[in-house]
Structure formats: structure tokens, C-alpha cells
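Have a look at the structure below, then the notes.
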Protein chains: 2
Amino acid sequence: MAKKNSASSSEKAKLSPRDERTLGQLVGLADAVVEAAEKRRDPHVDIPTRSLSNVRYNQTKRIIEMGRNTTRRQLFNLSQAKSFMQTLLVGSGCRQLIEQGKTTSIRGLYYLLKHTIEGTKEETFNDQSECDPVIEDVEVILNSLREEMHLYAQKRGDMVGEIVLEDSGDEIDCARMGSGGYGIPSIVEPEVIRFKRCDAKFILHVEKDTVWQRFNEDKFWRKHKCILSHGAGQPPRGVRRMLHRLHNELKLPVYCLLDNDPWGYYIYSVIKQGSINLAYESARMAIPDAKFLGLRSRDFERCSLSPSVRIDLSDTDRRRAKQIAHYPWFEKKKPWQNEIKRMLENGFKLEVEALISKDISYVTEQYTPARLAEQDWLD
Amino acid sequence: MAKKNSASSSEKAKLSPRDERTLGQLVGLADAVVEAAEKRRDPHVDIPTRSLSNVRYNQTKRIIEMGRNTTRRQLFNLSQAKSFMQTLLVGSGCRQLIEQGKTTSIRGLYYLLKHTIEGTKEETFNDQSECDPVIEDVEVILNSLREEMHLYAQKRGDMVGEIVLEDSGDEIDCARMGSGGYGIPSIVEPEVIRFKRCDAKFILHVEKDTVWQRFNEDKFWRKHKCILSHGAGQPPRGVRRMLHRLHNELKLPVYCLLDNDPWGYYIYSVIKQGSINLAYESARMAIPDAKFLGLRSRDFERCSLSPSVRIDLSDTDRRRAKQIAHYPWFEKKKPWQNEIKRMLENGFKLEVEALISKDISYVTEQYTPARLAEQDWLD
């Protein structure tokens, strides 16, 4: 198979209990194949189906979940043989990463595993788009996050505020991170990140780095005893998982300050309920109690904003807004229906930055403190 | 003009010498207009021309510079009146920011200044694309970086390594930043960032966050006594300015580890010589002594890479490569001509991640140390 050897035992890193578990599951996956072969049965893997038809909204847990449908992938089936082998190849690559105590990106794993199969002209993967879904398959088979398989995603987003944490043995005091902040890592599992001391009472998560800079410059987090984070738009996995851990382990409420537009609603929806594509991760990523602090459709009037700051809704905006209004977790919520209806009636959207037209620090000194004091948010 | 008052004196922040200087220049800009009006002359501003025809490569300084051409913008000229007023409006907005001791994004400034002109239906700016070039105009008029006008850009990129710096009064030990790193701020001028102690001997700047994570995980910067940075692709202004300051003030060589493709060449070109669009900033952003460490067109053979990792050049790649080969700062350099020629002959490009096919840590343990030891780079 792969042209490089597995890590020799001398290279093996000391494994954490979680690594031991993931490794055990990976070995179990391979063992099942060996066992089938020994019993002269067709080797196969059953993969929970990652399609819209197998995704549902769990009303009790209030997260998007996968159903119980699985798809069988067999070695001795011409149309499945390649993806069967790719599945095991990804498993063996992750085993190598865990044993070496190293991590890589999904692009890195692709390069690690890509090679021409001996004696053929066939590539193990033609391009990365063939490898990525197989990584997701292995995640659902093992019920592991890819971070547990030592794979990291793009790294974006920063945080500051009233918390001290330990990252890979280094103590990070997020209250002493200057204007730059602590760059949220891609892998924030407990083996890497430990929370040491927390004086924060809540988390304010803002959409954009530029808004985050305003809040940090005004030291909002010090005055209001909070943690301030951003995810440079749609937050990457590391930021979502960090918020999830802070929320669940330290019992910190999460308030989201996003634009008053369908994209802002969508970002909130992913933070809160999980994403449809990656429904299997919701249990460890979604934060059903997250609140939408603003901007709100009524803010144009409530804050007496200048007509100049309105941005007309496009046809795409209107279509997206209607789709989002029909998401099961918004559909039965009157306040959300009113919110979206009012934006459509307004005919315009509002960015958080629009509040600057009132005053540079209006958002940090008036808007956000008022919403928090009045507990005025959408759920 | 703007509907809000200028900062009252009680709001005025204590100004740094640099703020005093920028403010003086802004006031001077306005004074010239008042003076002209008093003398019953047409008020105007002369703006250094920001077009390709007025950009040249300075062979001695080895940076892209602006020429001496200027364009006159007059108030009493129907086609120039609006942009004349926009110019003064941007000036007055920046004055307000400096006086209040606050910073904002270019989008923030746009919102701050956008309003309907009283008694008309005319907007000061129709959209941000009308405001951004005026900000650049004011930068060149004042010969100030926009950061000095209290405007920040998008914030991207992280750093770690053997340096302790002070950011807004907080001490940041970049050798104790865990897996996340210090998020490089957008404004890194000496008023915000001071270098306290530096044990680094050089800077390794890598293109992508995912590659940066590999180098950080392997603690490359500790073993090789360096600073490790990335700019999430084309580095934003804050990262370029940080590298410039580290290079010039601490005399640290800068080595760039970028992809072997036209985009990698272009990123290097901007770091080294400045960008054509923003030629007026080169003196404080460009690093003519930066080196291109790799990847190199010969690495496919030199490192015995698997044919699987090659990515075919597209027509756009070929066209871009030929353009870049004709940049004046590459045109007379034989090694660069050979480099680009060989890539075109290869017919494929190589990403830094391709080295993972050798071993996960090949890039940190073998490739980069070998290039550094052999002083094998392009200039």
C-alpha cells in the first residue's frame, strides 16, 4: 500500500487515553475486514449515510442529527472497491498520524496518501475532492471528530478576555493579549487546551475581525467580564469547538453579534444547531442555547440609523431568507418568523458596522450593553 | 457636513508624537483650502498619481516607487467637485479618529462618513468602492500609511517564536503561545507594538496557516532560533509591516517558504518589492532583502517526489508565470529566469504540502534545514 513504512515503535509518541481510543477504533475497523476475509466473507464497511434524507432535527436535544441509515461499501463490488480501499487508506493514514503523535491538514493527509497503485496507472485519489468525503466517512464510522483523528482544519479567528488557559503546556492569559489576541487553534480538544481560570461571565462572539478589533480596542471584555471571539465570517471548526467547550464546561452563555442579513442568520444557525453537511458533529459542536443578540431588523428604527447605511436586499438574499425561515428550528419560533419577515418588509439589510454611523463606539458602549441589560435577544 | 460633532476637547485622547504629526498634516490639508478661498483662488488638492504610468522600480532601493506626477482635484470643476469634497471628508473623518484615540476599518470609515448631503438626494459615497480610493489618495497626499490615519485592514496571520514584544502594554512572549499563536494585529506601528527581547536569528514566513501549524507543532522555531509567521495566503498589511519592522529594526533576515507556482512567486514579489497598486507604501512595507527559500522547480527531482503530487499548470498559470518573469526585479536575475523557465518546462506546480508525501515532518526536519544550511535560496 503506501510507500512509506508505518511509524517504527521508536517513533511512537506516548498516547493520550483519547488517542488510545481512536487508535483502537481504527484498528477495529481493519480487524473487521481481516476477520471477514478469514471467514471467507466479503469484506465491507457500513457507513452512516451523510445525505439530507438521513438528517433530522432532534427537537429534544435541539440539534441537527444523523438518522440510522447506513450504506454498505464492499471490496468485491466493482463500483465500490475503490472507495472501500480509500476508506481503509484514510484509516491507515490517521493511524500513522496518531502513532507518531503528529497532526496534519486534510490537504496534508491527501498528499500523504496519494500515490500510484503499484503495477497500475491508477491513483489512490485523483484529487482532494475525492479524499475529503472519505475522511468524513471515517469520522462517522468511528464516531470521532476529525480532530481526534489528528486532522486539523483551516485556522482562523482570535479571542481575548477574562480567561487563562493552557495550550500545549503554555499558559495563555487572554486578558493580556494586546491588540492582536490569541489565535484560536484548529484543534482545541482537552489534550491540547485546558481551561485554568475563568473570570468571564459570558462569551460575546462577533462575526468579523474588524468588529472584534473595535470591541478589543474599547476593552469591552474587561468592563463586561467576558470572552470576546470572532471567526472571520463563518467560524471554522476550531472556533465552534472552542465555544462549545467554553459553553458546556464553564457554563458560559454565548451571545452572537452578527449582521442583520441571511448570512448572519445562517452563521447563527450553524453555531446553534450544527450544519446539515456535518450533522454527525453537532453533538460536540452545536450550542443550542446560543443567543442571537443582533443586529435586528428593527434596529434601523430603534437606533434611528441614517437611511444611508441601508443595503438593498438582493434576490438571492430574499430567497435565502425564505429558506432559513423554513428551517425546522426557526419555523416554530414566532420571534424568528417576525424577525425574518420584518427584514423582508424592510427590503434592506444592515451590517454591524452600520452602527458606526452613530458613533465609533456606539456598538460597544450603547448597543451591546443595552441588549445585554434588557436580555433582548432571539433564541 | 457630517452629522456628528467633532470630538469635544474632553473626549480628546492624549496624542503620540506620530499622531500629532499626522493630525498636523490633515489640518494643513484643510488650511490650504481655507487659504485659497480667502485669497479668492480656486481651492484644490494635488494628488500623486496612482496609476501604472507613474510607478517605477527603483534599482537602487530595490522597491517599487511612485513617480512625481500629480493630478489636480478642484472644487470648482463639475467633474471633480464631488471627489474634492470626498477627499476632505475622509481627511476630517481621520482627524476625528485620531483626536478620539480610536481606530476603525476602512468599511467603518465609510459608514462613519456616509450620509445624504443636506437639502439634496446626493450621498457622500454611493458605496465603499467610492470611498476606498479616496482613502488611498489621502494616504499619498499626506505620505502617511493608513495605519497612521487610524485605519485598520483585515486581520489575518499568526506568529510564534523567539521574541518577546509588548502590544498595547501587554507583554507577549511568542515562545509561550501554545498551538494557537499570537494573532498579528492589523496596526503594528511602534505606538502599539514594541520589541522587548529577541533571541531569534531569522524569520521564516510561510504561505499558509496549515503549513505554519506543522512548523509550530514541530517547534521548528525553538530548534532553529527563529520567528515563524504566516499570512493566510497573500499576507495582509499588518503582517507585511510586522515583517518589515522585524527585518529593519532587529536586522533579522526574512526567508519565505511558498508554493512553487505563480501565486507563490507573486506573494514573494509583493513581500520583497511592494505591490504596484500600493506603490506609495513600499518604503515602509517592502523587504528587498527577503529570500525565496522554496519550493523550487527542481524540487520534484531533487527531493525525489512522487509523480502523484504534481499539479498540472493551467493556461492562467502559464500566462501569469510569463508576466512575472518580465517584472523588472526578476527580469535581470538569471536564477529567477531559470526558476520560472523550469517550472514552465516541468508543466506542473508543487505545493509545500506535497513534501508530506515524503514524511509528515520532512519539510521541517529535512527540507528547510537543508536549504538554510546550504544558503540555497533565490534572491
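If you go through the range B:200-219 and keep only what is within 13 Å of chain A (Cβ to nearest Cβ) and in contact (Cβ under 8 Å) with a residue 60 or more places away in the chain, you end up with B:Val206, B:Glu207, B:Lys208, B:Thr210, B:Val211, B:Arg214, B:Phe215, B:Asp218. Only residues that are within 7 Å of chain B (Cβ to nearest Cβ) and within 21 Å of A:Gln25 (Cα to Cα) were counted across the range A:121-136, and they come to 0.
It is to be established whether one or more residues within the range B:152-162 are touching a residue at least 40 places away in the same chain (Cβ under 8 Å), in a loop (DSSP other than H, G, I, E, B), within 13 Å of chain A (Cβ to nearest Cβ) and in contact with a Ser or Thr (Cβ under 6 Å, 6 or more places away or on another chain). Taking every residue of the range B:152-162 in turn, at least one turns out to be touching a residue at least 40 places away in the same chain (Cβ under 8 Å), in a loop (DSSP other than H, G, I, E, B), within 13 Å of chain A (Cβ to nearest Cβ) and in contact with a Ser or Thr (Cβ under 6 Å, 6 or more places away or on another chain).
Kindly check whether there is at least one residue in the range B:9-19 that is within 14 Å of chain A (Cβ to nearest Cβ) and either modelled with pLDDT of 90 or more or over 30 Å from the mean Cα position of the chain (by Cα) (or both). Give the derivation first.
If we filter the range B:9-19 for residues that are within 14 Å of chain A (Cβ to nearest Cβ), which is where we start, we get B:11-13.
The next check asks that each one be either modelled with pLDDT of 90 or more or over 30 Å from the mean Cα position of the chain (by Cα) (or both); those that pass are B:11.
Yes, the range B:9-19 contains at least one residue that is within 14 Å of chain A (Cβ to nearest Cβ) and either modelled with pLDDT of 90 or more or over 30 Å from the mean Cα position of the chain (by Cα) (or both).
Scanning the range A:273-318 for residues that are among the charged types (D, E, K, R) and more than 30 Å from B:Lys121 (Cβ to Cβ), we see that the one that is surrounded by the fewest Cβ atoms within 10 Å (Cβ to Cβ) is A:Asp289. Residues that are within 14 Å of chain B (Cβ to nearest Cβ), modelled with pLDDT of 95 or more and surrounded by fewer than 20 Cβ atoms within 10 Å (Cβ to Cβ) within the range A:345-360 comprise just one, A:Phe348. What are the pairs with Cβ atoms under 7 angstrom where one residue, in the range A:97-111, is without any contact (Cβ under 8 Å) to a residue 40 or more places away in the chain and part of a helix (DSSP H, G or I) and the other, located anywhere, is small (Gly, Ala, Ser) and surrounded by 21 or more Cβ atoms within 10 Å (Cβ to Cβ)? Sequence gap at least six, or different chains. Matching pairs, first to second residue: A:Tyr111/B:Ala354; A:Tyr111/B:Ser357. Every condition in (1) assigned to a loop (DSSP other than H, G, I, E, B); (2) of a type in the set (Lys, Arg); (3) closer than 19 Å to A:Val138 by Cβ is met by A:Arg73 except one, and the failing one is (1).
Residue check: A:Gln323 meets all listed conditions (1) under 21 Å from the mean Cα position of the chain (by Cα); (2) more than 19 Å from A:Trp377 (Cβ to Cβ); (3) not in a loop (DSSP other than H, G, I, E, B) but one, namely (1). All told, B:Leu344 meets the bar of being in contact with a Lys or Arg (Cβ under 7 Å, 6 or more places away or on another chain) and not in a loop (DSSP other than H, G, I, E, B). Restricted to helices (runs of 4 or more DSSP H) entirely inside the range B:195-314, those with at least 2 residues that are within 30 Å of B:Pro133 (Cβ to Cβ) and of a type in the set (Val, Ile, Thr) are B:262-273. Just to be sure before I move on: is A:Glu118 acidic (Asp, Glu), within 14 Å of another protein chain (Cβ to nearest Cβ) and touching a strand residue (DSSP E or B) at 6+ places or on another chain (Cβ under 7 Å) in the structure I sent? Answer is no for this residue. Restricting attention to the range B:86-100, does a residue exist that is of a type in the set (D, E, K, R), on the phi < 0 side of the Ramachandran plot and within 14 Å of chain A (Cβ to nearest Cβ)? Within the range B:86-100 (the criterion being of a type in the set (D, E, K, R), on the phi < 0 side of the Ramachandran plot and within 14 Å of chain A (Cβ to nearest Cβ)), the answer is yes, since at least one residue qualifies. Among the conditions (1) within 10 Å of chain A (Cβ to nearest Cβ); (2) more than 29 Å from A:Leu350 (Cα to Cα); (3) touching a strand residue (DSSP E or B) at 6+ places or on another chain (Cβ under 9 Å), B:Gly169 misses just one, which is (3). Considering only the range B:267-281, state which residues are at pLDDT below 85 and either farther than 16 Å from B:Met66 by Cα or of a type in the set (A, V, I, L, M, F, W, C) (or both). Correct list: B:Ile276, B:Leu278.
Which residues, counting only those in the range B:173-191, are within 7 Å of chain A (Cβ to nearest Cβ), surrounded by fewer than 22 Cβ atoms within 10 Å (Cβ to Cβ) and either aliphatic (A, V, I, L, M) or part of a loop (DSSP other than H, G, I, E, B) (or both)? Listed by number, the list holds a single entry, B:Gly178. When A:Glu207 is tested against (1) at pLDDT below 95; (2) of a type outside the set (A, V, I, L, M); (3) within 16 Å of the chain's Cα centre (by Cα), just one condition goes unmet, and that condition is (1). The residues on offer are A:Gly93, A:Gly67, and the sole one that is small (Gly, Ala, Ser), under 30 Å from A:His326 (Cβ atoms) and touching a residue at least 12 places away in the same chain (Cβ under 8 Å) is A:Gly67.
The values are calculated or read from the model by the stated rules, or taken from the named source; none is laboratory data. From a predicted model like this one, the values you see are computed outputs, not experimental measurements. With ideal geometry, Cβ positions are generated from the backbone for all residues, glycine too; neighbour counts draw on all protein chains shown.
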